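Data block below; observations after.
The values are calculated or read from the model by the stated rules, or taken from the named source; none is laboratory data. Because the structure is a prediction, the values reported are computed rather than measured. Cβ sites come from the backbone with ideal geometry, for glycine too, and all protein chains shown count toward neighbours.
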Amino acid sequence: MKHILKISIFLTILICNFSHAQILGGNPINVNDPDEIDYNNPKNYVIGGVTVTGAQYLESDVLITISKLVVGNYIEVPSEQTANVIKDLMDQNLFEDVQLYATKIQDETIFLEIRVKERPRLTRVDIEGLSKTQTEEVRKRLNTTAGRIVNENLLLTTRTTIEKFLREKSYLYPEITIKTAKDTTQPNNEIVMVDIERNKKIKVHHVNFEGNEEFTDKQLQKYLKGVKPRMWYRVFGPGKFKEDKYEEAKEKLIAKMQDKGYRDAEIIRDSVYRYDNNEVGIDIDLYEGPRYYVGNISWSGNAKFKDSILNIFLGIQKSDIYSEEKLNSKLMGPTRNSDDIAAIYQNDGYLTFNIQPIIKRIYNDTIDLEIQMSEGKQYTINNVILKGNDVTNDRVVLRSIYTKPGQKYSRELLVRSVREISQLGMFDEQKVQPAPINLNFEEGTTDIEFSVAEKPSDQVELSGGYGAGQVIGTLGLTFNNFSTSNLFKKDAWKPLPRGDGQKLSIRGQTSGKRYQSYSFSFSEPWLGGKKPIYFGLSAYISNSQQQYYNWQTQRYEGYANNPKIQMHGVTATLGKRLQWPDNYFQINSSLSYQRYYLENYRGYFIFSDGEAYNINFTQEISRNSVDAPIYPTSGSHLKFSVQLTPPYSLMNNINYATAPDNEKYKWTEYHKWKFDSQWYTKIVGKLVLKTQAQFGYLGTYGDETPTSPFERFKLGGDGMQGFDFLQGSEIIAMRGYANGYIIPASTGSNMQYTAASSGSPIYAKYQIELRHPILLNDQATVFALAFAEAGNTWNKFSEVNPFKVRRSVGVGARIFLPIFGMLGIDYGHAMDPIPGLPSSQWKQNFTFSIIQNMGGF
């Protein structure tokens with residue numbers, strides 16, 4: 001019996017070895033193919049080796065790692081483990097096919113081969129049906145670089161990305177076809193071809209509300225801001241439907257309902273469905289819930305103020321309509337300089353103050369509130385730290401900061417400091433960030449760190465223009481961060497010394513021999529460096545030889561005995577920031593000297609030959625609380641000034657009724673009063689309303705003294721000085737009208753004098769302007785505007801009617817580039833004609849402007 005068992009075992013071994021020998025001598029077998037492997041008799045083997053064939057772009061070692069086949073480990077063939085090798089590799093979505101073969105079996109050792117067929121690689125994505133700009137934007141979003149695997153995931157991502165992009169552009173129902181084609185230039189590469197039919201942009205046809213009882217459909221539509229359905233009164237039709245705007249609109253709708261006391265209000269369901277080829281309908285099912293009212297209000301955690309005082313600060317009474325938005329704004333307002341309860345504490349040093357309203361009880365339609373407070377500790381400022389001012393000296397920034405070491409922490413002064421730093425014009429106002437750091441609870445101290453980012457503040461004006469029959473070239477340089485203290489430091493000239501916050505301007509205009517004008521100005525906002533005393537010095541000189549303009553023939557007739565005018569002058573100004581009525585006020589005093597020399601200057605002044613001197617003193621008081629110099633969104637800028645000359649007529653013996661013009665105007669005599677006000681109000685979002693009113697009056701000391709021909713007002717045009725500077729006039733811009741052509745009605749048709757005169761002694765102008773930003777950053781500020789203006793001029797005070805004005809409307813844009821200043825273009829339409837003149841003379845639709853001094857009027 002034992003012999004028979006030994007013989008059986010021996011035969012079995014022989015049969016197995018014979019089978020192994022067959023595999024070794026034949027082709028490799030697929031270990032997962034039931035036609036080649038007996039699934040009924042799986043066997044365990046030791047993995048002797050693993051190879052990969054068919055991989056062109058992928059590393060074999062990586063694929064072997066993914067397969068989990070480890071040399072030396074046991075594997076059952078066939079089994080779930082061999083099937084998982086295929087599954088794990090196919091899950092990578094990199095292959096069209098994967099097979100596992102046994103290339104050799106020797107005793108208990110098996111040698112495996114992984115055969116793969118890689119998916120094709122991407123050459124490029126071709127997009128048809130979009131504009132060039134849209135195609136570039138889609139390519140950026142796809143980020144489909146050459147060499148990526150072309151698989152279902154890539155095609156699906158391409159489709160999804162394009163659909164999302166088009167939905168953002170209001171193309172809700174595009175037709176997108178995606179195909180692949182072999183790239184004949186590269187083996188195993190494919191080109192993805194996308195054909196897009198955008199169809200029409202989708203607009204909103206109607207919005208249906210259901211479930212509303214207390215709110216009318218009209219109210220709800222008003223609350224659903226950003227979604228504008230078709231209405232008969234909408235001239236430009238319904239608004240485009242955008243999903244992100246729609247989601248925001250739903251949130252605003254519910255917030256508005258809750259603000260009216262319906263705190264349980266919610267949207268139960270909503271649907272957006274296709275109405276026709278280019279419109280959708282919207283159904284919104286609402287739950288309003290009951291209207292809630294404020295019940296009892298209790299306070300906890302307050303030690304500084306009694307409950308009765310806090311109730312006064314809160315301003316919410318029992319039985320008021322319950323509004324979480326109003327409650328939160330009264331407790332901790334959305335802006336950092338509001339008069340909420342948190343501001344009252346934080347302006348008094350309570351840096352870590354915290355306040356939280358808790359609903360204590362709800363019964364029927366009444367809500368009882370408990371307002372929990374944590375007053376914390378009063379903090380004083382230990383150090384003020386600056387970061388980011390690489391060019392500007394520390395002292396220039398520190399003197400503008402209102403949060404001083406040793407003072408109690410104040411949120412209001414922190415906001416004021418940010419405004420003052422922004423007003424310097426040397427830093428990006430969007431990046432001025434204050435932060436309390438290094439809080440020491442034991443000592444109650446904190447440091448304040450101001451992070452700033454320098455921006456280019458120097459400006460250059462390089463322009464050419466055509467006027468008065470000649471080409472005029474202008475070159476101007478303005479250095480807004482000049483430093484006199486570094487003048488004698490060689491290393492500071494880059495190209496000029498900078499860092500002290502001083503302003504230096506040099507400007508020249510010329511058309512050759514006929515006209516030259518040169519000016520210089522310097523200002524120091526902190527004279528001596530210790531107090532906010534402003535010092536300014538300016539000077540100019542100009543010469544002009546004019547052609548004679550014949551008003552009968554309406555053309556220039558060459559040089560008529562070389563008519564010329566020469567002017568030069570100098571002005572010195574001292575100013576001081578005031579602390580009363582508040583520290584937004586400033587007072588400036590100026591002393592100015594000007595000399596005019598005229599020779600045969602016919603048709604431009606009351607006299608044509610002689611000299612005139614203008615020595616005047618100007619007293620000005622202003623208040624500037626605008627929040628930003630380039631694009632203000634809040635605050636005001638008010639300015640009132642009086643300019644006086646000595647009363648020469650009271651001291652000389654000239655008979656002004658009979659004296660020649662060049663004698664009675666030699667010493668210019670007048671008193672000049674001006675008022676200017678600008679107000680900025682944020683309407684909604686970033687939309688800002690600017691309102692402005694201006695008045696000016698030029699008077700005499702006595703009835704026998706004629707009104708000065710200098711210092712008059714010219715209304716109309718772009719506000720640029722040009723040759724009006726030579727005529728001693730003050731230019732007031734009013735778009736839609738030509739420069740200086742808004743003249744008093746009492747002048748009549750005597751245009752020969754009026755159009756070329758020094759202007760009018762009285763004017764009034766009003767303006768409203770809507771502004772919306774397009775781009776706000778340190779490289780450029782761009783905003784669009786729409787305006788309406790009204791204004792007029794008068795010869796006598798008895799003629800003044802501030803409501804009898806000439807009007808204009810229009811649109812425009814402003815671009816602020818640090819190197820050039822503010823560039824403007826406007827289109828204005830004048831609504832009221834100038835009597836006695838053809839419209840071709842007094843109309844000026846397009847106006848262009850270059851404004852460098854952003855801090856002034």
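Considering only residues of the stretch 212-223 that are under 22 Å from Glu243 (Cβ atoms) and free of Cβ contacts under 8 Å to residues at least 60 places away in the same chain, which is farthest from the chain's Cα centre (by Cα)? Explain how you work it out, then say what you get.
Just the residues of the stretch 212-223 that are under 22 Å from Glu243 (Cβ atoms), to begin with: 220-223.
Next, only the ones that are free of Cβ contacts under 8 Å to residues at least 60 places away in the same chain stay: 221-223.
Numbers: Gln221: 29, Lys222: 27, Tyr223: 26 Å.
Taking the candidates together, the pick is Gln221.
Looking at Val50, Val46, Val31, Val71, can you tell me which residue is among the β-branched types (Val, Ile, Thr), more than 60 Å from the chain's Cα centre (by Cα) and modelled with pLDDT under 85?
Working: Val50 fails: modelled with pLDDT under 85; Val46 fails: modelled with pLDDT under 85; Val71 fails: modelled with pLDDT under 85.
Going through Val50, Val46, Val31, Val71 in turn, just one is among the β-branched types (Val, Ile, Thr), more than 60 Å from the chain's Cα centre (by Cα) and modelled with pLDDT under 85: Val31.
When you check Tyr763 against the structure, is it of a type in the set (Ser, Thr, Tyr), assigned by TED's automatic domain parsing to the domain that holds Gly740 and modelled with pLDDT of 95 or more, yes or no? Considered against the rule, which asks whether it is of a type in the set (Ser, Thr, Tyr), assigned by TED's automatic domain parsing to the domain that holds Gly740 and modelled with pLDDT of 95 or more, Tyr763 comes out as yes.
Step by step: first the residues of the stretch 74-97, then only those that are touching a Ser or Thr at 6+ places or on another chain (Cβ under 9 Å) and assigned to a strand (DSSP E or B), then the one that is surrounded by the fewest Cβ atoms within 10 Å (Cβ to Cβ). Which residue is that? The extreme case among them is Glu76. Residue count for the stretch 428-454, restricted to those that are exposed (fewer than 15 other Cβ atoms within 10 Å of the Cβ), touching a residue at least 24 places away in the same chain (Cβ under 8 Å) and outside any strand (DSSP E or B): 1.
Could you please find all residues in the stretch 142-157 being surrounded by 12 or more Cβ atoms within 10 Å (Cβ to Cβ) and either free of Cβ contacts under 8 Å to residues at least 40 places away in the same chain or in contact with a Phe, Trp or Tyr (Cβ under 8 Å, 6 or more places away or on another chain) (or both)? Don't jump to the end; show me each part of the working.
Residues of the stretch 142-157 that are surrounded by 12 or more Cβ atoms within 10 Å (Cβ to Cβ), as a first pass: 142, 144, 148-151, 154-155, 157.
Selection gives Leu142, Arg148, Leu154, Leu155, Thr157.
Of all the criteria given as (1) touching a residue at least 60 places away in the same chain (Cβ under 8 Å); (2) surrounded by 14 or more Cβ atoms within 10 Å (Cβ to Cβ); (3) under 25 Å from Lys256 (Cβ atoms), the one not satisfied by Gln378 is (3).
Of the residues making up the stretch 438-460, those that are of a type in the set (A, V, I, L, M, F, W, C), over 30 Å from Leu817 (Cβ atoms) and at pLDDT below 95 are Leu439, Phe441. For the stretch 632-682, the set of residues classified as loosely packed, with under 15 Cβ neighbours inside 10 Å, aliphatic (A, V, I, L, M) and touching a residue at least 24 places away in the same chain (Cβ under 8 Å) consists of Val642, Leu650, Ala657, listed by residue number.
Scanning the stretch 810-847 for residues that are surrounded by fewer than 17 Cβ atoms within 10 Å (Cβ to Cβ), of a type in the set (A, V, I, L, M) and over 30 Å from Glu429 (Cβ atoms) yields one hit, Met831.
Taking the stretch 84-102 as the region of interest, how many residues are over 13 Å from Tyr45 (Cα atoms) and either touching a Lys or Arg at 6+ places or on another chain (Cβ under 8 Å) or touching a residue at least 60 places away in the same chain (Cβ under 8 Å) (or both)?
Start the filter on the stretch 84-102 by keeping residues that are over 13 Å from Tyr45 (Cα atoms), which leaves 84-101.
The next check asks that each one be either touching a Lys or Arg at 6+ places or on another chain (Cβ under 8 Å) or touching a residue at least 60 places away in the same chain (Cβ under 8 Å) (or both); those that pass are 84-85, 88, 93-101.
The number of residues fulfilling the criteria is 12.
Per-residue answers, yes or no, for (1) closer than 29 Å to Glu420 by Cα; (2) outside the structural domain of Ile587 (by TED's automatic domain parsing); (3) exposed (fewer than 15 other Cβ atoms within 10 Å of the Cβ):
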residue	(1), (2), (3)
Phe482	yes, no, no
Trp493	yes, no, yes
Leu496	yes, no, no
Arg514	no, no, no
Tyr518	no, no, no
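For Gly48, indicate whether it is part of a strand (DSSP E or B), small (Gly, Ala, Ser) and outside the structural domain of Thr160 (by TED's automatic domain parsing). For Gly48, the condition - part of a strand (DSSP E or B), small (Gly, Ala, Ser) and outside the structural domain of Thr160 (by TED's automatic domain parsing) - is met. Residue-level analysis places Thr474 outside the set of residues that are among the β-branched types (Val, Ile, Thr) and assigned by TED's automatic domain parsing to the domain that holds Asn389. Among (1) surrounded by fewer than 18 Cβ atoms within 10 Å (Cβ to Cβ); (2) at pLDDT 85 or above; (3) over 30 Å from Ala102 (Cβ atoms), where does Arg115 come up short? That leaves (3) as the condition not met. All conditions but one from (1) farther than 29 Å from Gln566 by Cβ; (2) surrounded by fewer than 17 Cβ atoms within 10 Å (Cβ to Cβ) apply to Phe695; the one that does not is (2).
Does Gly239 satisfy the condition of being under 36 Å from the mean Cα position of the chain (by Cα) and over 30 Å from Ser374 (Cβ atoms)? First the steps, then the outcome.
Numbers: under 36 Å from the mean Cα position of the chain (by Cα): yes; over 30 Å from Ser374 (Cβ atoms): yes.
Criteria met by Gly239.
Quick grid of which residues meet (1) under 29 Å from Lys242 (Cβ atoms); (2) without any contact (Cβ under 8 Å) to a residue 40 or more places away in the chain; (3) of a type in the set (Val, Ile, Thr):
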| site | (1), (2), (3) |
| --- | --- |
| Arg269 | yes, yes, no |
| Val272 | yes, yes, yes |
| Val280 | yes, no, yes |
| Glu288 | yes, no, no |
| Val294 | no, no, yes |
| Ser300 | no, no, no |
| Ile312 | no, yes, yes |
| Gly315 | no, yes, no |
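Out of Lys404, Lys387, I need the residue that is surrounded by fewer than 20 Cβ atoms within 10 Å (Cβ to Cβ) and touching a residue at least 60 places away in the same chain (Cβ under 8 Å). Which one? Lay out the reasoning, then the answer.
Details: Lys404 fails: touching a residue at least 60 places away in the same chain (Cβ under 8 Å).
Unique residue meeting the criteria: Lys387.
To keep it simple, each residue is scored yes or no on (1) assigned by TED's automatic domain parsing to the domain that holds Lys240; (2) among the polar types (S, T, N, Q); (3) free of Cβ contacts under 8 Å to residues at least 60 places away in the same chain.
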| position | (1), (2), (3) |
| --- | --- |
| Ser79 | no, yes, yes |
| Thr82 | no, yes, yes |
| Lys104 | no, no, no |
| Lys132 | no, no, yes |
| Arg159 | no, no, yes |
| Tyr171 | no, no, yes |
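In the stretch 290-388, which helices (runs of 4 or more DSSP H) lie fully inside it and hold 3 or more residues that are within 33 Å of the chain's Cα centre (by Cα) and outside the structural domain of Val432 (by TED's automatic domain parsing)?
Values: elements: 307-314, 324-331, 341-346.
Where helices (runs of 4 or more DSSP H) fall fully within the stretch 290-388 and carry at least 3 residues being within 33 Å of the chain's Cα centre (by Cα) and outside the structural domain of Val432 (by TED's automatic domain parsing), they are 324-331, 341-346.
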